[in-house]
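A.B. asks: Mind having a look at this structure? Questions to follow.
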């Protein structure tokens with residue numbers, strides 16, 4: 001508080017002869033000034049008062065928000081919008097685009113601020129965040145039946161939604177279903193899915209130590225890129241050192257194993273035969 005009071009005193013002394021900025025601050029104190037306008041005024045005037053811009057803006061913005069102000073968090077789509085039609089159109093765009101972001105950008109650019117009887121009554125206004133939130137909620141409601149990681153994987157792959165966004169939007173029991181150990185695979189190529197046919201030994205290797213890959217302390221198929229996956233051991237049949245010493249990959253697969261878990265000196269290596277069973281983060 002002492003630092004802020006000193007800053008306020010310095011500011012008051014500096015602006016005593018500058019009535020426009022005094023008016024700005026008074027409006028800010030009364031909660032009548034928008035934060036972005038306060039920022040503009042602060043950036044324009046702070047050099048005149050020898051107060052760092054960041055400090056001045058922080059003070060003006062804090063006063064402009066007022067003690068009762070609450071952050072404006074985007075919620076669902078406005079009531080006048082036909083959600084099902086907008087989501088359906090966004091889904092079709094999603095199939096055409098490489099990313100969900102690209103689809104949402106296109107839909108927002110095409111429809112926001114205009115009128116379209118197909119999408120609702122009157123002026124159609126929505127934010128990209130609102131559309132994304134509704135889109136993800138719709139896919140979870142439609143495709144999640146049991147709350148399994150496999151259901152989330154399907155939604156993520158089919159509709160180009162990041163797994164992290166799905167987990168955040170999911171009910172707590174469902175979010176818990178995707179918990180597991182994050183593992184890493186070193187490579188020199190960029191790809192979305194592993195192709196087991198390109199593997200030298202019919203498996204994909206992962207480690208729990210990202211640093212080990214970065215330092216080159218473990219063997220990797222290439223350098224420069226690190227692919228992350230989440231492994232849920234409760235969903236896999238994993239062998240250990242005993243099975244690794246006794247059987248080959250084909251024999252282990254015939255016995256129903258999904259891979260091997262090889263722990264050694266605080267680091268665990270996974271040899272996975274079916275990488276599609278791991279979860280994309």
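Please treat every number below as a calculation from the coordinates, not as lab data. Computed from a predicted structure; not experimentally measured. Counting neighbours? That spans all protein chains shown, and the Cβs are built from the backbone with ideal geometry, glycine included.
A.B. asks: Please list the three semi-axes, largest first and in whole Å, of the ellipsoid equivalent to segment 128-173, using sqrt of 5 times the eigenvalues of its alpha carbon gyration tensor.
C.D. replies: On the way: eigenvalues 51, 25, 18 Å².
Square roots of five times the eigenvalues give 16, 11, 9 Å.
A.B. asks: If packing is taken as the average count of other Cβ atoms within 10 Å, what order do 98-108, 129-139 fall into, highest mean first? Walk me through the numbers before you get to the answer.
C.D. replies: Working: 98-108: 17.0, 129-139: 19.3.
In decreasing order of mean packing, 98-108, 129-139 become 129-139, 98-108.
A.B. asks: Highest mean first, how do 181-191, 140-150 rank when packing is the count of other Cβ atoms within 10 Å averaged over residues? Mind dumping the intermediate values first?
C.D. replies: On the way: 181-191: 15.5, 140-150: 13.5.
The packing order, highest mean first, is 181-191, 140-150.
A.B. asks: Another one. Could you give the alpha-carbon Rg of segment 181-277 over 2.2 N^0.38 Å, rounded to two decimals? Write down the numbers at each step before the final one.
C.D. replies: Numbers: Rg = 12.9 Å, N = 97, 2.2 N^0.38 = 12.5 Å.
Normalised by 2.2 N^0.38 Å, the Cα Rg of segment 181-277 equals 1.03.
A.B. asks: Something else now. Which value in nm describes the separation of the simple spin-label points at residue 241 and residue 263, placed 7 Å from the Cα toward the beta carbon?
C.D. replies: 1.1 nm
A.B. asks: Label-point separation (nm) for residue 84 and residue 115, each offset 7 Å from Cα along Cα-to-Cβ?
C.D. replies: With each label placed 7 Å out from Cα toward Cβ, I get 2.5 nm.
A.B. asks: I would also like to ask the following. How far apart, in nanometres, would the label points at residue 106 and residue 192 be if each is projected 7 angstrom from Cα along the Cα-to-Cβ direction?
C.D. replies: Simple spin-label model gives 1.4 nm for this pair.
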